[in-house]
1. Starting from the Cα gyration tensor of the range 36-123, take the square roots of the eigenvalues, sort them a ≥ b ≥ c, and report rounded, prolate or oblate (rounded when a/c is under 1.5, otherwise prolate if a/b is larger than b/c, else oblate).
2. Fully extended, how many nm does the chain gain between K93 and E58 (0.36 nm per residue separation, minus their Cα-Cα distance)?
3. For a Förster distance of 25 Å, can you work out the FRET efficiency between the beta-carbons of K27 and V85, rounded to the nearest 0.05?
4. Which entries in K65/K93; K56/K93; K39/K59 show an alpha-carbon gap greater than 24 Å?
5. Sticking with the crude label model, points 7 Å out along Cα→Cβ, report the distance from S109 to A40 in nm, one decimal please.
Amino acid sequence: MRFGTKVCLVLFLASSVCGAALAEEVKVDIRGKISSVEKANPNNQGVLGSVLIEGKIEKDTGFDKAHVRVTKSTKLLARKDGREVAIKFEDLKVGQRAEASFDGPVAESYPVQTNAGRLVVLR
């Protein structure tokens, strides 16, 4: 195998792996307005609180209503000026438009209940 072919193969494999990771990052399970924000009991270790998000099922989402737990491992972000910046649980407010990606099992209730792996405030 020639050197140029090896370089191309390495670049192809790296872009495939990076592309797969990027596709996972942007998967959105629900998008809509935050209709409630509840801070967790201080004894509930690892859980910061929960939010109820209500919207419409869109081409890239699967749910119209979800009660999501925000944990210490949830990526909390706000989209500002075309980029995403970290925020705190206290920055979440009723009426904000947000999207969430689920992490872990989803309780098949209505609304669904699960942990948020990623929650982004859109505005």
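1. Working: a/c = 1.60, a/b = 1.03, b/c = 1.56.
Oblate.
2. 10.3 nm
3. Details: r = 20 Å, r/R0 = 0.81.
Between K27 and V85 the formula returns 0.75.
4. Violating the 24 Å Cα-Cα cut-off are K39/K59.
5. 1.7
Here, each number is a calculation from the coordinates, and none is a lab measurement. All values reported here derive from a predicted model rather than from experimental measurement. When we count neighbours, we look across all protein chains shown, and the Cβ atoms used for this are built from the backbone with ideal geometry, even at glycine.
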